[in-house]
1. R0 = 22 Å: FRET efficiency of B:Glu204 with B:Ala283, Cβ-based, nearest 0.05?
2. Restricting to lysine pairs 8 or more places apart or on different chains, what number in chain B have Cα atoms under 15 Å apart?
3. Any chance you could check region B:144-158 for residues losing 20 Å² or more of accessible area when the partner protein chains are in, compared with the chain on its own (1.4 Å probe)?
4. Out of every Cα-Cα pair in chain A, what percent are more than 27 Å apart?
5. Summarise the long-distance tail of P(r) for region B:120-223 by giving the % of C-alpha pairs beyond 24 Å.
6. For A:Ala280, place a label point 7 Å from Cα along the Cα-to-Cβ direction in every copy; what are the distances to the other copies, in nm, shortest first?
7. Enumerate by residue number the trypsin sites (Lys or Arg not before Pro) in region A:27-127 meeting two conditions: DSSP loop (anything except H, G, I, E, B), and at most 14 other Cβ atoms within 10 Å of the site's Cβ.
8. Probe radius 1.4 Å, ligands and nucleic acids left out: can you give me the accessible area buried at the A-B interface, summed over both chains, in Å² to the nearest hundred?
Number of protein chains: 2
Amino acid sequence: MSNVTRLTVRTAGGSYPITVGRGMLGAVGTLFSLDRRTLVVTDEGVPRAYAEAVASAAAKPLVVTVPTGEGSKSFAVLEMLCRKILDAGFTRRDCVVAVGGGVVGDLAGFAASVYMRGIDFYNVPTTLLSQVDSSIGGKVAVNLDGIKNCVGAFYPPRAVLIDPDVLSTLPRRQISAGLCEALKMAATSDAALFSLFEEGNAEERLEEVIVAALNIKKSVVEEDEREAGLRRVLNFGHTVGHGIETLAGFDENEATDARENGLYHGECVALGMLPMCSDAVRARLLPILRALALPTSTALPKDKILAALVHDKKAEATGIGTVFVDKIGSFRFETLTVSEIGARMDTAFPQK
Amino acid sequence: MSNVTRLTVRTAGGSYPITVGRGMLGAVGTLFSLDRRTLVVTDEGVPRAYAEAVASAAAKPLVVTVPTGEGSKSFAVLEMLCRKILDAGFTRRDCVVAVGGGVVGDLAGFAASVYMRGIDFYNVPTTLLSQVDSSIGGKVAVNLDGIKNCVGAFYPPRAVLIDPDVLSTLPRRQISAGLCEALKMAATSDAALFSLFEEGNAEERLEEVIVAALNIKKSVVEEDEREAGLRRVLNFGHTVGHGIETLAGFDENEATDARENGLYHGECVALGMLPMCSDAVRARLLPILRALALPTSTALPKDKILAALVHDKKAEATGIGTVFVDKIGSFRFETLTVSEIGARMDTAFPQK
């Protein structure tokens with residue numbers, strides 16, 4: 001392995017190292033303390049070899065494979081995991097490792113956070129989206145009655161291992177969608193990373209993009225672990241994006257035919273950024289999105305998107321917190337009414 | 001209200017005030033921030049008026065009454081509570097209040113800790129045991145497959161309200177059992193409080209006992225919130241006590257006929273202290289236990305108690321961590337084998 005980058009995230013909830021490097025999965029035994037009972041949680045969509053690499057480095061591994069998709073983020077699956085490790089005799093001194101995308105990390109991390117009031121948690125994200133985003137920040141959760149992450153905790157991992165080699169099994173469209181989350185961070189917080197995208201080098205210099213995105217997220221999380229303020233900057237593109245995702249998204253882990261008809265999370269964010277920036281920023285975003293084969297317009301009716309992005313009546317009354325980018329590498333928070341958001345969408349997605 | 005005592009517990013997880021005073025339940029609206037959606041969790045055994053006092057002080061109350069007993073500390077009831085408040089539109093800015101004993105506090109606190117990754121939690125303990133013990137310390141949990149507190153969190157409350165007047169509805173036997181938990185703390189950590197018991201004034205000076213016990217627990221918790229070391233002092237009397245409770249205990253909240261035949265938690269602790277102290281300490285403990293009508297001997301076979309107090313095979317191999325009191329107001333940790341514990345029981349409970 002040529003380059004290995006090591007970052008340390010420091011928060012009130014605890015400090016933890018993130019190691020980024022090609023081939024690092026083979027060194028998992030030196031990065032995590034696995035000389036104990038180790039629950040390895042993965043899902044059916046993750047190549048089996050990745051979970052096995054972790055299991056073979058553990059003294060007493062127990063691999064549990066959950067069904068792919070958001071459906072696994074449930075109280076029922078959480079209870080099943082806790083019961084499995086109780087039956088296997090796990091004590092407070094044992095640990096949990098997630099090997100998969102955001103669903104697996106959220107679920108396994110939440111199980112680790114509640115079992116015996118918290119046992120060690122490690123994360124090996126295997127999608128680009130989870131490598132640049134959800135594996136760092138300490139948010140874990142399951143869903144309830146269709147509300148994403150309704151029930152969860154802030155529970156930092158002990159360590160995170162990011163091996164870009166595992167991305168080689170991902171389809172190109174999923175790489176683009178993951179890159180869009182890094183592009184989003186570049187737009188608000190890192191003009192140099194944005195330039196790398198403009199030069200068309202993002203995919204080729206993937207490790208560099210991952211490390212840059214992690215550094216942005218690290219600094220945001222260190223300042224605002226509990227999402228009291230600054231952390232909302234990560235929601236750039238997510239207000240309108242969320243509305244679009246509700247209407248046209250699909251579960252990232254669902255069957256291939258669903259993917260063909262629906263939009264990836266990152267694709268929804270691509271669309272969601274366009275109304276929330278100045279004309280000048282939009283003019284720079286559009287060619288990047290096109291080069292990555294990300295969408296730049298939507299046929300969805302504006303009123304339906306607006307209805308979907310309003311979560312509750314209160315939001316309608318008091319306004320919706322959004323993130324706006326006037327100039328690459330900067331941002332401001334802005335509370336907008338639903339109709340103001342609609343007006344911005346008219347600008348970004350003109351009727352043909 | 002004549003005397004009001006206010007303590008502040010300071011831990012890494014957060015600081016919170018504990019207010020102790022007769023009649024304070026009537027002032028709940030000034031002590032807690034209830035100008036929002038407020039889930040009030042209580043159980044069928046708690047006088048309805050107590051939960052109603054809290055509900056009437058809240059802007060938007062929702063009272064949920066769970067069945068009495070440990071059975072309510074389950075994933076199923078936890079999920080039910082989360083669903084109820086989701087349906088009622090609770091956001092991150094709303095709150096939960098527990099009104100009841102340890103079961104209600106543990107359950108409601110855990111629900112508050114996980115809903116939206118944590119909303120404000122307040123506790124109004126209504127049993128003496130929960131007033132002197134479980135309401136302070138930030139441990140919340142549910143049970144899994146018969147393992148108590150298998151799944152939970154460390155989640156400090158925002159504030160605790162302790163009104164000794166609510167104890168007037170408790171039977172005398174339950175008061176004695178609650179006092180025993182305070183006596184346990186006095187034995188290890190507060191010779192003056194122990195003297196108050198010896199003088200036979202504990203029941204009469206209940207508020208003073210509560211405040212003294214809270215101060216002991218506060219200092220222990222402040223030093224060792226996560227139970228890495230010192231906090232184990234609170235387990236004095238609990239090793240043998242737990243074995244006895246497994247065999248002869250009953251659910252504190254079960255039907256009255258079960259109570260008559262079984263032992264209260266505090267009664268098990270009374271018995272559990274006797275083998276774990278010097279002869280001199282035992283000679284001082286016995287008259288206090290008798291005066292409080294707490295048990296001082298057991299007809300249970302020693303080998304059955306020993307089998308019940310060993311939780312897992314590992315404990316048998318590596319020894320069991322216990323707390324020993326040589327002199328009132330002091331303690332030491334000691335790792336004993338099962339047969340060493342048996343020998344101490346022979347001394348404390350001689351065959352007739």
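1. Details: r = 24 Å, r/R0 = 1.08.
The computed FRET efficiency comes out at 0.40.
2. 10
3. The answer is B:Leu144, B:Asp145, B:Ile147, B:Asn149, B:Cys150, B:Val151, B:Gly152, B:Phe154 - residues whose exposure falls by at least 20 Å² when every protein chain is included.
4. Details: 27613 of 61776 pairs.
Here the long-distance tail beyond 27 Å is 45 percent of all Cα pairs in chain A.
5. Looking at region B:120-223, the distances longer than 24 Å represent 27 percent of pairs.
6. A:Ala280 label point versus its equivalents elsewhere: 8.3 nm.
7. Working: sites: A:Arg36, A:Arg37, A:Arg48, A:Lys73, A:Arg83, A:Lys84, A:Arg92, A:Arg93, A:Arg117; in loops: A:Arg36, A:Lys73, A:Arg92, A:Arg93, A:Arg117.
When the trypsin sites (Lys or Arg not before Pro) of region A:27-127 are filtered for loop state and at most 14 Cβ neighbours within 10 Å, A:Arg92, A:Arg93 remain.
8. Values: alone 15030 and 14970 Å², together 27380 Å².
The summed interface area works out to 2600 Å².
The values are calculated or read from the model by the stated rules, or taken from the named source; none is laboratory data. Owing to the predicted nature of the structure, the values given are computational and were not obtained by experimental measurement. In this analysis, Cβ positions are derived from the backbone assuming ideal geometry, glycine residues included, and neighbour counts consider all displayed protein chains. With ligands, DNA and RNA removed, areas are computed over all heavy atoms of the protein, side chains included. Shrake-Rupley method; radii C 1.70, N 1.55, O 1.52, S 1.80 Å.
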